[in-house]
Amino acid sequence: MKRILKNLIFISLLSLIPTVIIWIPFFLKLKSIWGIPLPNGGMATIVSNYDGPLFIVIAKTFYNIAQIKANYSFPLPTEYYAAHFPLFPVIIKIFAFIFGFPYGMLVATLISSILAIYFFNKLIRRYVEEKEALWITFVFCLFPARWLVVRSVGSAEPLFLAAIIASVYYFQSKKYWQAGVWGAIAQLTKSPGILLFIAYLGVIMLPQFKRLATEKFQIWARELNWKAYPILFIPISLLGIFVLYKFTFNDFFAYFHSGDNVHLMFPPFSIFNSSQSWVGTFWLEEVIFVYLFGILGLLQLIKQRENILAAVVGVFFTSLLFVAHRDLIRYSLPIVPFLFVAFANVIIKKEFKIVMAILALPIFLFSISYISQNVMPIGNWSPFL
């Protein structure tokens, strides 16, 4: 028990310290850092980063259209809020009883981040020695920089990643009830959670397809791994959200009517069409590197015969090919923990440690610069308090 508690405290510090370092320039209301100009809003800059205020709106109104129209002046249709799933706002509301809504949101993000890093540490320890696992966990706390950003503002991504990692961890152990519950938590947090269910179906069914050619369907179906049925909690929870939207928006399919919010486009690689509303630039060469590391990691997992991780990465990565959004790295975050497994033997090398020592400063500078600019305009804070 003491060892578990000691490990949890260490993991918590690993998670919190980088975020606190990022917060310091804003908390002190510095005018600039390393030549980067900073806004004068202090911690309000952190709280008002996209899409934090939108989650606060949902936490305070729970999709009540009349309350949203009466109290919030964002130039958004009320249906837009259907793109933000309810679990993270519910957690914000719980912490708001103690910290208020703005800081309750940050506390919810911090705790979710600790949870994500805790389960990542449990996962990576299956593949490397404990000392090496701590190093890889430290790297995961900083890299990619976009992950550090979403852990430092009001964001549902840390809870989403925590639930995905936990679900996969338990699915590997054939603890299907835990895998199903955590999968449902992922689904209740963000819409791509359904991809986890598709990946699990692939793991269960694809290895058995060859038998369909020689066996009757009834016999084939009977021999599938029906013990994994708790993964059905994932689509059931999605159905529950749509039922909720039927009552709140009077539209079962409100998520699909939330405006320009579903960024899956055909054909694949539409992200390179700079006229797309959520792209808007031709400076996109780094997207090639996202594809590169995604494909290399997937092939490495297949080579390592990590079928479950390969299925999860394969399904999520395939969806990325159809995402037309400038912030593709944020959409790719669900595959990052498993790419760390794929490249674990590289990350533990001395050369990679030298690389991280060099990259640490630019990671923090990027994070501070990004947060200082990614701010929603809020003229009146009183409805958010």
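Do we find that V290 is outside the structural domain of N40 (by TED's automatic domain parsing), at pLDDT below 95, surrounded by 14 or more Cβ atoms within 10 Å (Cβ to Cβ) and not in a strand (DSSP E or B) in this structure?
Against the criterion (outside the structural domain of N40 (by TED's automatic domain parsing), at pLDDT below 95, surrounded by 14 or more Cβ atoms within 10 Å (Cβ to Cβ) and not in a strand (DSSP E or B)), V290 does not qualify.
Considering only residues that are surrounded by fewer than 20 Cβ atoms within 10 Å (Cβ to Cβ) and either among the polar types (S, T, N, Q) or assigned by TED's automatic domain parsing to the domain that holds K303 (or both), which ones fall in the stretch 347-374?
Across the stretch 347-374, the qualifying residues are S369, Q373, N374.
Name the residues in the stretch 82-138 that are touching a helix residue (DSSP H, G or I) at 6+ places or on another chain (Cβ under 9 Å) and among the charged types (D, E, K, R), would you?
Result: K93, K122, R125, R126, E132.
Which one of the conditions (1) part of a helix (DSSP H, G or I); (2) small (G, A, S); (3) not assigned by TED's automatic domain parsing to the domain that holds L106 does G280 fail to meet, given that it meets all the rest?
Exception for G280: condition (1).
Please specify each residue of the stretch 55-82 satisfying the condition of being over 15 Å from G379 (Cα atoms), among the hydroxyl-bearing types (S, T, Y) and in contact (Cβ under 8 Å) with a residue 12 or more places away in the chain.
Scanning the stretch 55-82 gives Y63, T78, Y80, Y81.
Given the conditions (1) charged (D, E, K, R); (2) surrounded by 14 or more Cβ atoms within 10 Å (Cβ to Cβ); (3) free of Cβ contacts under 8 Å to residues at least 24 places away in the same chain, and given that R330 satisfies all but one, which numbered condition is not satisfied?
(3)
Kindly check whether there is at least one residue in the stretch 123-140 that is over 12 Å from P337 (Cβ atoms), crowded, with 21+ Cβ neighbours inside 10 Å and among the β-branched types (V, I, T).
There is no residue in the stretch 123-140 that is over 12 Å from P337 (Cβ atoms), crowded, with 21+ Cβ neighbours inside 10 Å and among the β-branched types (V, I, T).
Can you tell me how many residues in the stretch 74-95 are over 28 Å from L264 (Cα atoms) and either surrounded by fewer than 21 Cβ atoms within 10 Å (Cβ to Cβ) or of a type in the set (F, W, Y) (or both)?
3
Starting from residues that are among the aromatic types (F, W, Y) and touching a residue at least 60 places away in the same chain (Cβ under 8 Å), keep the ones in the stretch 11-54 and report whichever is surrounded by the most Cβ atoms within 10 Å (Cβ to Cβ). So that I can check it myself, show each step before the final result.
If we filter the stretch 11-54 for residues that are among the aromatic types (F, W, Y), which is where we start, we get 23, 26-27, 34, 50.
If we keep only those that are touching a residue at least 60 places away in the same chain (Cβ under 8 Å) as well, we get 23, 26, 34, 50.
Working: W23: 19, F26: 23, W34: 11, Y50: 13.
Filtering the stretch 11-54 for residues that are among the aromatic types (F, W, Y) and touching a residue at least 60 places away in the same chain (Cβ under 8 Å), the one surrounded by the most Cβ atoms within 10 Å (Cβ to Cβ) comes out as F26.
The values are calculated or read from the model by the stated rules, or taken from the named source; none is laboratory data. Predicted model only: the values in this text are computed from it and were never measured. Here the Cβ is made from the backbone with ideal geometry for all residues, glycine too, and neighbour counts use every protein chain on show.
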